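Worksheet: the structure to be examined is printed underneath.
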Amino acid sequence: MAEFSQKRKKRHDDDMLGSAVDFLLANARLVLGMGGAAVLGIATLAVKRLIDKATGPQDEDDTKGDTTSLEDSWKELSLLKATPRLQSQSPPAALSQPVLLPAPLPSAPEGPTDADPQPSSQLSPPAPLCLTFQEKLLVFERDHVTIPLSHVALAKQLAGDIALELQAYLRSKFPELPFGALVPGGPLYDGLQAGAADHVRLLAPLVLEPGLWSLVPGMDTVARDPRCWAVRRTQFEFHPRGSSPWDRFLVGGYLSSRVLLELFRKALAASVNWPAIGTLLGCLIRPCVASEELLLEVQHEHLELTVAVLLTVTGASVGDRLLLAWPLEGLAGNLWLQDLYPAEAARLQALDNHDVGTRRRLLLLLCSVCQGHPALGRLGRGHLTQVVLRLGEEEVEWAEEALGERFLQALELLIISLERASLPCHFNPGVNLLNGLHEEEIDDIGYALYLGLQAPEGLL
């Protein structure tokens, strides 16, 4: 009888607690929404079960039922916690604007709602763009090859100012040596500048007396080098040694480029007040003492460039040729290197003007790709120019739409030339431009080009 009374009292308490929970959940639904009301109800039921278990005796059936219900309650609670929580909507800017209701989630349990939400479609992410090699090449040209016009103008201004300062220094330091006007030039002025790796050329011409000098082809000298020329002093019987201010640089009756380079390298490194000139021009100028060439490194707030001071021999005494004092090795050390850059740049310009072609753009692309590659960096502008010139003479399509195809043809021609170890100069076929590369370097370059031809996107 006592046990019956205890069970009856327990059921009465459960009814009272259930009514309270129903009242609480009914109001919580209005305040917290369906998800919050469900969580509150399960948590309240779980607490109530724990209190009953701790304070009163239970029979075996009730214990099993309570345990099962409690486990189910925690499972439901964990499911609700795993369900993504709906983000609260920001209030509309005006009362006339409709409030968008959130779409029902697939994993949320279905139940009665106050208003049916409007279905909303899920926006799928955009498919990745699949660019052709031609399109990727044009993107590479835009991002890595094209130089802003403001930088080009600033570089030209700095090069011109440095030329004026260096001209004044030469006249004060070597007043007895007649130099012509120092003229900046090179790829920057011809629209062929491919990044900071290309030097700005600053030509310092030597003014030689007409009739006292003559040229000897390099193949007729002991060096047997077709790239070079010897500048020989003549008319000693009428104009003895010392009659020309350039006689002090003679070696064996020839004007020595090596002696001139050594003199000017020491002068540029030790005698010129570059910090003062740099302050005046608003930049930092330092001579590159580690290089055998006459190089000036210029650092500006907006750009960096390298100016190459080139001692040249030109004029009527050497015909239309431009000879450079270049650090050559061996028996050619006193000879002068024939500079073919002006002829190459003029020929490319003429070909492009004839058919509105893209040969010069192809050269810039090849230079930019090779400059940033560890193996292809051994290919200089001279090698790549010869390849473009050979392709450029062919009667093929040179419009922008064919730029990608011409790029791949250039790679193929380079591979063929490396296999033969022969890349003849366009204006002097007797000169093989690959003679300066070792066999291991040729193998490395050829392998990199072969991989690039299989997957050209990897070169960009």
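The values are calculated or read from the model by the stated rules, or taken from the named source; none is laboratory data. What you see is a predicted model, and the numbers here were worked out from it, not measured in a lab. Because the Cβ atoms are built from the backbone with ideal geometry, glycine has one as well, and the counts that use them run over all protein chains shown. The protein model used for the area step is the full one, side chains on, heavy atoms only, and it has no ligands, DNA or RNA in it. Shrake-Rupley method; radii C 1.70, N 1.55, O 1.52, S 1.80 Å.
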- Message: Test of understanding: extend the Cα→C-beta vector of residue 216 to 7 Å, then name every residue of the stretch 330-346 with backbone N under 19 Å from that spot.
- Response: 330-338
- Item | Between the stretch 250-312 and the stretch 160-197, the alpha-carbon center distance in angstrom | 10 Å
- Note on the structure: Quick calc, residue 170 & residue 259: beta-carbon distance into FRET formula, R0 25 Å, rounding 0.05, result 0.90
- Cleavage-rule hits (GluC sites (Glu not before Pro)) in the stretch 332-429: DSSP loop, at most 11 neighbouring Cβ within 10 angstrom: 394, 395
- Rank these by accessible area, largest first, 1.4 Å probe: 416, 162, 442. 416, 442, 162
- Query: So which trypsin sites (Lys or Arg not before Pro) in the stretch 148-229 are both in a DSSP loop and have at most 12 other Cβ atoms within 10 Å of their Cβ?
  - Reply: 224
- Each residue of the stretch 221-229 in turn: what ³J(HN,Hα) in whole Hz from Karplus with 6.51, -1.76, 1.60 and θ = phi - 60°, glycine and Pro shown as x? 9, 5, 6, 6, 10, x, 7, 10, 9
- Using a Förster distance of 25 Å, how high is the FRET efficiency between residue 397 and residue 447, based on the Cβ-Cβ distance and rounded to 0.05? 0.25
- Amide H to amide H under 5 Å from residue 434: which residues, 5+ apart in sequence or cross-chain, H placed 1.01 Å off N in plane? 423
- Angstrom value of the Kirkwood radius, inverse mean 1/r, which spans all Cα pairs in the stretch 387-446: 12.6 Å
- Item | Using θ = phi - 60° and Karplus 6.51 cos²θ - 1.76 cosθ + 1.60, couplings along the stretch 433-450 (whole Hz; Gly, Pro as x) | 6, 8, 5, x, 9, 7, 5, 5, 5, 4, 5, 5, 5, x, 5, 5, 5, 4
- Quick one: go through the stretch 361-388 and flag any residue whose amide nitrogen is under 19 Å from the point 7 Å out along the Cα-to-Cβ line of residue 457. 369
- State log₁₀ I(q)/I(0) for the stretch 311-460 at q = 0.19 Å⁻¹ as given by the Debye formula over alpha-carbon point scatterers of equal weight, solvent excluded. -1.24
- Query: Can you pull the three principal axis extents for the Cα set of the stretch 210-337, in Å, largest first?
  - Reply: 54, 30, 26
- Task: Sum up the charges of everything whose Cβ sits under 13 Å from the Cβ of residue 284, counting Lys and Arg as +1 and Asp and Glu as -1, but leave residue 284 out.
- Result: -2
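Multiply the residue gap between residue 149 and residue 234 by 0.36 nm, knock off their C-alpha separation, and tell me the result in nm, one decimal place.
On the way: separation 85, 0.36 × 85 = 30.60 nm, distance 4.81 nm.
Full-extension gain reported as 25.8 nm.
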- What net charge do the residues around residue 377 carry, taking every other residue with its C-beta under 11 Å from that of residue 377, with Lys and Arg at +1 and Asp and Glu at -1? -1
